[in-house]
């Protein structure tokens, strides 16, 4: 059974899971819960995403309920069964499950895979690497646009891949962290505003917006706090600028970490993207004091690491309050 929320034991377990993720990442030979969740979503989408719009919206709600609720119930049940056999088995299993919910190492590696060929001037290789982590067209991007794509990915996924799972883990251990990952996977698979998913994926998209709302804003604050220890950060005015600019982003949540990273680094994010050849203009974020280069990708990674560390440290007074109240 999972440990009590907002407890020192759970905080220590989450810290250990982060250490495992940073050391090992997601080895390809190890089964990953998100892969299984994705297969379930794909199968249900093929079976349910048909018929009139009202029916697809209704089935889309059931999809979100079953996938997220089922993920929580299965993981909670597994931990409860293991706790019945041995508390240490349950702790070990929860540690492993928490580590799979985090993606700090994987995010940094994916960004560096773009930065390294970019530094060598190998633009075709950098374009291929960026295409693996973004949906926009990359075939004609120059160095500044390739760097922008990587920096935006690091900033946005600091929430999806690290701080939001941490937030929900602090409230409900591995079961709630994995339920969050299920909601996030639903959004990435069916939460598109396209003819195919407009109705069926509506509930999934709104659920993802809801579960990321508070973590995204806390992440922006954490990035700003951590920037004090990161050389070259432009903290003055970054908090106010982020509050002004975040709502410009088409996502109600992604604008917060992206605007904060843009302002802290003194670069401009956003602008014109192309998807399958179609232009998609985005509002710009940040004041450009510097032209984006490959070096900004590594700086974004440093802000990412500082952000999740500050985010986790912010949980410490919450544990103290919880301990005092009980």
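Values in this text are rule-based calculations from the coordinates and carry no lab data. Keep in mind the model is a prediction, meaning the values are calculated, not measured. Here Cβ is always computed from backbone atoms with ideal geometry, including for glycine, and neighbour counts include all displayed protein chains.
Summary table below
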{"item": "Global geometry of the range 144-212, whether rounded, prolate or oblate, following the gyration tensor of its Cα atoms and the 1.5 cut on a/c", "result": "oblate"}
{"item": "Prolate/oblate/rounded call for the range 8-325, Cα gyration tensor, a/c under 1.5 rounded", "result": "oblate"}
{"item": "In nm, spacing of pseudo-spin labels at residue 278 and residue 116 (7 Å Cα→C-beta vector)", "result": "3.6 nm"}
{"item": "Per-residue Cβ neighbour rank within 10 angstrom, fewest leading, 62, 168, 72", "result": "62, 72, 168"}
{"item": "Rh by Kirkwood over Cα pairs, then Stokes-Einstein D for the range 72-113 at 0.692 mPa s and 37 °C, µm²/s", "result": "283 µm²/s"}
{"item": "Efficiency of FRET between residue 322 and residue 19 - r from beta-carbon atoms, R0 22 angstrom, step 0.05", "result": "0.40"}
